[in-house]
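See below for the structure under consideration.
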Amino acid sequence: MTEPLLHVRQLRAWYGAAQILFDVDLQVGRGEVVALMGRNGAGKSTTLKAIMGLVPRRRGAIGFMGRDCSRAEPHDCARLGLGFVPEDRRVFTDLTVLENLEVGRQPPRHWPDGAAAPTWTPAALFELFPNLGEMPERPGGQMSGGEQQMLTVARTLMGNPYLVLLDEPSEGVAPLIVEQMAQMIIALKQQGVSILLCEQNMHFAELVSDRAYVLEK
């Protein structure tokens, strides 16, 4: 059996004195879309943040691309090819679409077997997100919420990640944008990008994912 791209074992995390995650186990294979589901407050976003190193107190084993990332800082994870799309978008409002994309640029990557990993350019991303292609010089602060969501995903892809941690992409955006997001995830999977997706929208998750984990409590 091929070693998973990402494997998480007995992940625990705290905010202050409050423990949020209790022994979470999951794994994501190469080219796989996995949904992480659960109600509000179940710990979905915290799971992604803990994997990315954004939660100060965490315990457990996190392996990515054959490396131990249990104590890695967020910038270390990004350099290894782990992308993170936060729920709150965090675009640079004073920068244009193109400038936002350039902020995320990293060199092309290769898989351990030498094959080229998916590589992204602004031109390729404008094909994936035609809305962004119509506004390359628009400042991030003058975009709708759905457009900002697309820009955040596109900026992350400029880092040429092997795997993307995608937090609630359908939350708070128009139905048309949700449909475009679903098409985008399917297109990424076809190109070989792996995705761990936090989602509450059951229909959306069922449409795009290969399988799912549920945080029940």
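If we keep just the residues of segment 145-165 that are polar (S, T, N, Q) and at pLDDT 90 or above, which is farthest from the chain's Cα centre (by Cα)? Restricting to residues being polar (S, T, N, Q) and at pLDDT 90 or above, the top hit is Q148. Within segment 189-202, no residue that is free of Cβ contacts under 8 Å to residues at least 12 places away in the same chain sits with its Cβ atom under 8 Å from a residue that is among the hydrophobic types (A, V, I, L, M, F, W, C) and surrounded by fewer than 17 Cβ atoms within 10 Å (Cβ to Cβ) at 6+ positions apart or across chains. Would segment 33-46 turn up any residue that is at pLDDT 90 or above and open to solvent by 40 Å² or more (accessible area, probe 1.4 Å)? Checking segment 33-46: not a single residue is at pLDDT 90 or above and open to solvent by 40 Å² or more (accessible area, probe 1.4 Å).
Tallying residues that are over 15 Å from V164 (Cα atoms) and of a type in the set (V, I, T) within segment 47-61 yields 1. Touching a helix residue (DSSP H, G or I) at 6+ places or on another chain (Cβ under 9 Å) and either open to solvent by 20 Å² or more (accessible area, probe 1.4 Å) or modelled with pLDDT under 95 (or both): does that describe V85? Yes. Scanning segment 57-72 for residues that are open to solvent by 60 Å² or more (accessible area, probe 1.4 Å) and without any contact (Cβ under 8 Å) to a residue 40 or more places away in the chain yields R67, D68, R71. Taking every residue in segment 114-127 that is under 15 Å from V164 (Cβ atoms) and pairing it with any residue that is of a type in the set (D, E, K, R), at least 6 positions away or on another chain, the pairs with Cβ-Cβ distances below 8 Å are A117/R109; T119/R109.
E99 meets the conditions (1) under 26 Å from R138 (Cα atoms); (2) of a type in the set (D, E); (3) free of Cβ contacts under 8 Å to residues at least 24 places away in the same chain; (4) assigned to a loop (DSSP other than H, G, I, E, B) in every case but one. The failed one is (4). Filtering segment 31-55 to residues that are over 14 Å from the mean Cα position of the chain (by Cα), in contact (Cβ under 8 Å) with a residue 12 or more places away in the chain and not in a strand (DSSP E or B) leaves G38, R39, N40, A42, G43, V55.
Selection within segment 89-106: residues that are among the β-branched types (V, I, T) and surrounded by 14 or more Cβ atoms within 10 Å (Cβ to Cβ). The member of this set that is farthest from the chain's Cα centre (by Cα) is T96. Scanning segment 140-164 for residues that are touching a Pro at 6+ places or on another chain (Cβ under 9 Å) and of a type outside the set (S, T, N, Q) returns V153, A154, L157, M158, P161, Y162. Condition check for H75 on (1) open to solvent by 20 Å² or more (accessible area, probe 1.4 Å); (2) farther than 26 Å from R57 by Cα: one failure, at (2). Among the residues of segment 71-86, those identified as more than 16 Å from E3 (Cβ to Cβ), touching a Leu at 6+ places or on another chain (Cβ under 9 Å) and in a loop (DSSP other than H, G, I, E, B) are A72, P86.
The values are calculated or read from the model by the stated rules, or taken from the named source; none is laboratory data. Keep in mind that this is a model prediction, so the values were computed, not measured. Don't worry about glycine lacking a Cβ; one is built from the backbone with ideal geometry, like all the others, and counts go over all protein chains shown. The accessibility values were calculated without ligands, DNA or RNA, using every heavy atom of the protein model including side chains. Shrake-Rupley method; radii C 1.70, N 1.55, O 1.52, S 1.80 Å.
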